[in-house]
1. Per the helix-only calculation at 222 nm, which mean residue ellipticity applies to the chain, given -39500 (n - 2.57) for every DSSP H run of n ≥ 4 and division by its residues, nearest 500 deg cm²/dmol?
2. What FRET efficiency, computed as 1/(1 + (r/R0)^6) with R0 = 35 Å and r the Cβ-Cβ distance, is obtained for Q81 and S117, rounded to the nearest 0.05?
3. Heavy atoms only, probe 1.4 Å: what % of the accessible area of the range 12-158 goes to carbon and sulfur, would you let me know?
4. In whole Å, what is the distance between the alpha-carbon centres of the range 175-195 and the range 72-96?
5. Keeping every protein chain present and rolling a 1.4 Å probe, give me the accessible area per residue for the range 127-177 in Å².
6. So, for the range 1-119, what is the accessible surface per residue at a probe of 1.4 Å, expressed in square angstrom?
7. Which residues' amide hydrogens lie under 5 Å from the amide hydrogen of V72, considering only partners 5 or more residues apart or on another chain, with H built in the peptide plane?
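The values are calculated or read from the model by the stated rules, or taken from the named source; none is laboratory data. Please read these numbers as outputs of a predicted model, since none were measured by experiment. Here Cβ is always computed from backbone atoms with ideal geometry, including for glycine, and neighbour counts include all displayed protein chains. For the accessible areas, the whole protein counts, side chains as well, though only heavy atoms, and no ligand, DNA or RNA atoms are used. Shrake-Rupley method; radii C 1.70, N 1.55, O 1.52, S 1.80 Å.
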Amino acid sequence: MEILPNFHNIEFRLNNLRDAITKNPVNRVIEVQDLLDYIFEREDKMRTILELGRANKLPLRITHNDTKFNNVLLDKDDNVQCVIDLDTVMPGYVAYDFGDAIRTIINSAAEDEADVSKIVLNIPLFQSFTAGYLSEAKDFLTETEVGSLIPAVHLLPYMQAVRFLTDYINGDTYYKIAYPEHNLVRTKAQLKLVHELEVNNEKLTDILAENLMSN
């Protein structure tokens, strides 16, 4: 059962963005045209996982769909006890869980960091997470699933940026904000993360390949 329909469907998220642009309820589109250009320039390649799924090349598995670090319960000695926040558990693609986990651990700054120069990649954390993930998952992942992991690393911050920008254009009706430009700041931070991931794509791909060989 799909608990949250279209939760990680980038086509659905982009359609919502286009709808917000058309309606432009608080006249904010004019101030974010550069961000919209950046997003739509990457639209086609961000459909990769969705299209693989539609072509039945990715198996549906039970996935968490909100794989943030703070959704793992630790004891007082930092030993893992269990995964929490299970209201998003439903059928999905492993790429989405991998990509969202990386989105939340690889960013050196806060999700709403206003100074985007502080947003750089924590490559050692990427290495550690990838090694741990593949040590458990490599034996059951298909070749296509493995190939979808790096595209997902790019997709999940991109999708979050689309969602933040959609809400900003709509007048901040979904996400809680602390100040008027909060969703705009969040959007720029996620897009800076996308940029850093693109710059370091070869390095991340090599790390994934090395861990496939060693695990």
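1. Details: 8 runs with 117 residues, N = 215.
Mean residue ellipticity, 222 nm, calculated: -17500 deg cm²/dmol.
2. Numbers: r = 37 Å, r/R0 = 1.06.
The value I calculate is 0.40.
3. On the way: 4070 of 7740 Å².
Of the solvent-accessible surface of the range 12-158, carbon and sulfur hold 53 percent.
4. After rounding, the separation between the Cα centres reads 25 Å.
5. Averaged over the residues of the range 127-177, the accessible area is 41 Å².
6. On the way: 6790 Å² over 119 residues.
For the range 1-119, the solvent-accessible area averages 57 Å² per residue.
7. Amide H to amide H, under 5 Å and 5 or more residues apart or across chains, V72 pairs with I84.
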